[in-house]
1. For every other residue with a beta carbon closer than 14 angstrom to the beta carbon of Gly58, add +1 if it is Lys or Arg and -1 if Asp or Glu, then tell me the sum.
2. Summing +1 for each Lys or Arg and -1 for each Asp or Glu, what net charge is found among the other residues whose Cβ lies under 14 Å from the Cβ of Gly39?
3. Where a ≥ b ≥ c are the square roots of the eigenvalues of the C-alpha gyration tensor, would you call region 106-149 rounded, which needs a/c under 1.5, or, failing that, prolate if a/b is larger than b/c, or oblate?
4. Starting from the exponent 0.38 and prefactor 2.2 Å, build the expected Rg for the chain from its residue count and divide its actual Cα Rg by it.
5. Provide the solvent-accessible area of Thr89, counting protein heavy atoms only and rolling a 1.4 Å probe, rounded to the nearest 10 Å².
6. Where the eigenvalues come from the Cα gyration tensor of region 23-82, what are the semi-axes √(5λ) of the equivalent ellipsoid, largest first, in whole Å?
7. For Tyr78, Tyr107, give the ranking by accessible area with the largest first, probe 1.4 Å.
8. Order Arg16, Arg63 by their accessible area, 1.4 angstrom probe, all chains in place, largest first.
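The values are calculated or read from the model by the stated rules, or taken from the named source; none is laboratory data. Quick caveat: nothing in here was measured; it's all calculated off a predicted structure. We place every Cβ from the backbone using ideal geometry, glycine too, and count neighbours over all the protein chains shown. When the accessible area is computed, the model is the full protein with side chains, heavy atoms only, and any ligands, DNA or RNA have been set aside. Shrake-Rupley method; radii C 1.70, N 1.55, O 1.52, S 1.80 Å.
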Amino acid sequence: MQTIWLGGAEWLAVLRIGLGLWWLESWRHKDKKGWFERGTGIAWASDVAGKHRWPAVGTGFRRIVAPRPKVMAYVVVYAELALGLGLITGFLTPVALVAGLLLNLLYLVLMIHDWAEQGQNAMMALISFVALFAMSWQTWSLDQAIGLFL
């Protein structure tokens, strides 16, 4: 593949790193004190799930998230941090890409009524898909440096 500046593998690494920065920004802008101490993030998600047009979303939320709001707050917040760091450094990249794709699809379903959120999550899911199947960890990554996922 010929490009003006970088080769195809390098551009895929740029895409992967950019996605990691996007996840890191998602983590950075969260009000962690609100999420962990006051439960604002899970309360907001509960409200969204309760009003969702698909009853299965509300049911799933009540069964999985509602019984353990503190744990789920930590899972969401630190999953975004781990995804960002994993993708930026290229460590356990395929795992991070699959986990990010699943989290974006979950967010996409939860936020089905919000076009802005849908656009962001659809783009992040598409980047995850491309980066995964193009094996973006082969360049500029710890995975490549230590010989993982060859």
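1. +3
2. Around Gly39, the surrounding residues sum to +3.
3. prolate
4. Ratio of Rg to 2.2 N^0.38 Å for the chain: 1.14.
5. Taking all protein chains as shown, Thr89 has close to 60 Å².
6. Sorted largest first and rounded, they come to 21, 12, 10 Å.
7. Accessible-area ranking of Tyr78, Tyr107, largest first: Tyr78, Tyr107.
8. Output order, biggest surface exposure first: Arg63, Arg16.
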